[in-house]
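Student: Take a look at the following structure, please.
The values are calculated or read from the model by the stated rules, or taken from the named source; none is laboratory data. Not measured: the values here are computed from a predicted model. No Cβ is skipped: glycine too gets one built from the backbone with ideal geometry, and neighbour counts run over all protein chains shown. Note: accessible area is taken over every heavy atom of the protein model, side chains too, but ligands, DNA and RNA are not part of it. Shrake-Rupley method; radii C 1.70, N 1.55, O 1.52, S 1.80 Å.
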Amino acid sequence: MEFINEDYIFNLINDNSLKNSEYQSEVLVKARNAKGLSLKESAALLSISDPELISELHQTAKEVKEKIYGNRLVLFAPLYITNLCVNNCLYCAFRRDNKDLKRKSLTIDEIKAETEFLVKQGQKRILLVAGEHPKKSDINFIGEAINTIYNVNFNGNNIRRLNVNSAPMTVDGFKVMKSFGIGTYQCFQETYHYSTYKKMHPDGPKRDYGWRLYAMDRALQAGIDDVGIGALFGLTDYKFETLALLSHAFNLDEKYGIGPHTISVPRLEPAFNAPAAEKPPFAVSDEEFKNIIAVIRLAVPYTGIILSTRERAELRRELFELGISQISAGSRTSPGAYKESQESLHEHEMEQFQLGDHRTLEEVVKDCTKLGYMPSFCTACYRSDRTGDRFMELAKTGNIGKICVPNAISTFEEYLNDFASEETKSIGKDFISKEIDGLRNKSTKNKVIKMLERVDSGDRDVFF
Ligand code: SAM
Ligand code: SF4
C-alpha cells in the first residue's frame, strides 16, 4: 500500500496554508486548463468553505466536463447474477451473516431473461454485478453469463458493451476474463483507510486490503486496459477517501500510462441487516458530495465519473452538472429483479441496498434531454480498439468529445426510433436537431447528418 500514504493525506487535510482562498483561487484557474491537479491542489479545493469559491468550483467542474466530453451522458444498467456471498462486509445486505436475506443465483436461462428485459428497454450496456461465491460467481460461470448476455438479440438490438464488477482475481483469472470480451473491469476499494477497512470487513477473502488494492494492477497486467476504481463514501472521512482515491488514480497513471477509465462514487445507502449502512459512520452530506464530484472532475479530467441510482433524481440532476459522464438508469439491485418487477414479486427481500432513483430508463432519458444532456448509448470505443492508452490519449488531449458527440447523437436517434414513446421521440428529435444546428465544425456536422440518415433508414449500430 505504498501509494496510499495516510500520514501525508492527513497532513494535507490539516494544512492551514491550503485553506487560503487566494491559493484556492489560483488552483481553480489552473484547473480550468483541464490538465489535472496534484494531490496537494486537490486537497486545497476540498478545503474550500467560502460560498463564492464553492460556486466557482462547481462552475469550473462543469466547464471542464463539457470541454472533454461535451454534454453527453452515457447510460447503462446493472445486472445482478447472484446475491450469495462469502464475505461479511458490514455495509452490505448480501453479507454472509445476513441469514434473513432471500438468496438467489440466476441460472443461465434467467440471465437470458433479464438481458432480454434490458434490451427491450433500449439498454446497450450492462454492468454485470455479483457477490463473491466459489461456484455462483466463479470465472467459468461469469464466462457463461457474459456469453449469454452478448448473444441476446431482439429485432437487431443487443448488448454491445458488458462491464464487470466482481471480486478481484489473479492475473491468470483476469486473462480469462479478458478473453470473454469484457469492457471495463470495476472493483471499489470501499475505504482506503486501513483500520476502517479491517473493521468493515471482519472476515472472508475481502478482508485482505492489499489483495484488493492491487486488483487493478493485476487486471492491467492481464491486458484488461479499461479499469474502474471507486470508494464507498460514508465509511470514513470523505476528504481522506477522495484524496486516497485520487492517489490510486495517479499511481495507475504513473505506472502504466493509463489512469482509471472510470471512477465511481457510491454513497452508503440503507441496506437490510447491514449495521454500517443503518447509520453511516461518516455520513456525507449532499453539499459535500457535490464538492467531491467537482474535485475529482478537476483532478482527473480524462476519467469518466459514474453515478448510480443510489442517489435521488433531484440530486442526480445537480450532479450531472458537476462532471458526471456515465449514469445507470432503470436499475434493480437484486438478482432476477427486472423480470420480477414486472410481475411485482418481492425484490426488496433480495436487494443489495435501497435505491434513490426508481425511474424507468425512458423517464431518465426524457429528463436528461430536458436538462440539456444528450443521452448516449454509445459503445464505439471498446469495439474500435480505442481502449487503454488509445482512449486516454484522446481523453487527455480533449479530443474524445469529437467522437463522443456524433456517436451519442446517432445512438440516441436509434433509441428514439426503436424504443421511445411518441412524446419522448418528439422531445428527443427536437433536441437532436438543435444539437446538430449548434455543431460548429462543418465536417462533423455533415458526418452526423449522414449517420442519422443511415439510422433512420434502418441501419443499426452506426458509429465512428
Ligand atoms: N461483491 C463484489 C465486491 O464487493 O467487490 C462486487 C459487487 S458489490 C455487489 C458492488 C458494490 O456495491 C460494492 O463494491 C460496494 O461499494 C457497493 N455497496 C455495498 N453495500 C452498499 C450500500 N449499503 N450502499 C451503497 N453501496 C453499497
Ligand atoms: Fe459481498 Fe460485495 Fe456485498 Fe461485500 S459488498 S458482502 S463482497 S457482495
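Student: How much mean residue ellipticity at 222 nm does the chain get from its helices, if each DSSP H run of length 4 or more adds -39500 (n - 2.57) and you divide by all residues, to the nearest 500 deg cm²/dmol?
Tutor: About -15000 deg cm²/dmol.
Student: Okay, next question. Quick one: which of 280-290, 173-183 comes out on top by average Cβ neighbours within 10 Å, and what's the full order, highest first?
Tutor: 173-183, 280-290
Student: Still on this structure: Quick check of the Kirkwood formula: for region 123-186, what is the inverse mean of 1/r over all pairs of different Cα atoms, in Å?
Tutor: 12.1 Å
Student: What residues qualify as long-range amide H neighbours of residue 356, i.e. H under 5 Å apart, gap of 5 or more or another chain, H built at 1.01 Å from N?
Tutor: 310, 311
Student: Check residue 233: other-chain or 5+ apart residues with amide H under 5 Å from its amide H, H built from backbone geometry?
Tutor: Answer set, sorted by chain and number: 267, 268.
Student: Still on this model: Can you tell me the order of 356-367, 375-386 when each peptide is scored by its average per-residue count of other Cβ atoms within 10 angstrom, highest first? If you can, show how the numbers build up before the last one.
Tutor: Working: 356-367: 18.6, 375-386: 20.6.
Averaged packing, sorted descending, gives the order 375-386, 356-367.
Student: Give the cross-link partners of residue 429 among the lysines, using a straight C-alpha distance below 28 Å as the criterion and excluding same-chain residues fewer than 8 apart.
Tutor: Within reach: 62, 65, 67, 120, 124, 366, 370, 402, 442, 445, 447, 450.
Student: Within 10 Å, count the other beta carbons around each residue, average over each peptide in 46-55, 145-154, and list them highest first.
Tutor: 145-154, 46-55
Student: Right, something else. What shape does region 70-359 take by its C-alpha gyration tensor, where a ≥ b ≥ c are the square roots of the eigenvalues and a/c under 1.5 counts as rounded, a/b above b/c as prolate, and the rest as oblate?
Tutor: In terms of gyration-tensor shape, rounded.
Student: Please state the shape class of region 40-171: rounded when a/c is under 1.5, otherwise prolate if a/b exceeds b/c and oblate if not, all from the C-alpha gyration tensor.
Tutor: Oblate, because a/c is 1.5 or more while a/b does not exceed b/c.
Student: So what are the ³J(HN,Hα) numbers for region 108-118, from phi and the Karplus equation (6.51, -1.76, 1.60; θ = phi - 60°), rounded to whole Hz, Gly and Pro as x?
Tutor: Rounded to whole hertz, the list is 4, 5, 5, 5, 4, 5, 5, 5, 4, 4, 5.
Student: Mean separation of Cα pairs under 8 Å and 6+ residues apart, divided by the residue count of region 70-359: what relative contact order is that in percent?
Tutor: 23 percent
Student: Something else about it: Would you kindly derive the ³J(HN,Hα) couplings of region 426-434 from the backbone phi angles with the Karplus curve 6.51 cos²θ - 1.76 cosθ + 1.60 (θ = phi - 60°), listing them in order in whole Hz, with x for Gly and Pro?
Tutor: 5, 4, x, 5, 4, 4, 4, 4, 5
Student: Also: As I understand it, the dipole of region 150-251 uses +1 on the Cβ of Lys and Arg and -1 on the Cβ of Asp and Glu, about the Cα centre. Which of 159, 249, 182 lies farthest toward its positive end?
Tutor: It is 159.
Student: When the accessible area of region 381-456 is split by element with a 1.4 Å probe, what percent falls to carbon and sulfur?
Tutor: Heavy-atom surface of region 381-456 belonging to carbon and sulfur, 1.4 Å probe: 49 percent.
Student: Sticking with this one: Could you work out how far the C-alpha centroid of region 440-463 sits from that of region 270-339, in angstrom?
Tutor: 33 Å
Student: Hand me the tally of lysine pairs in region 234-354: alpha carbons under 28 angstrom apart, and the pair either on different chains or 8 or more positions apart.
Tutor: Lysine pairs, 8 or more places apart or on different chains, close enough: 4.
Student: To continue, here is another question. Given R₀ = 45 Å, FRET efficiency for residue 457-residue 21 by Cβ-Cβ distance, to 0.05?
Tutor: 0.20
Student: Could I ask something else about it? Around residue 128, which amide H atoms from residues at least 5 apart in sequence, or from another chain, sit under 5 Å from its own amide H, with H modelled in the peptide plane?
Tutor: Answer set, sorted by chain and number: 79, 163, 164, 165.
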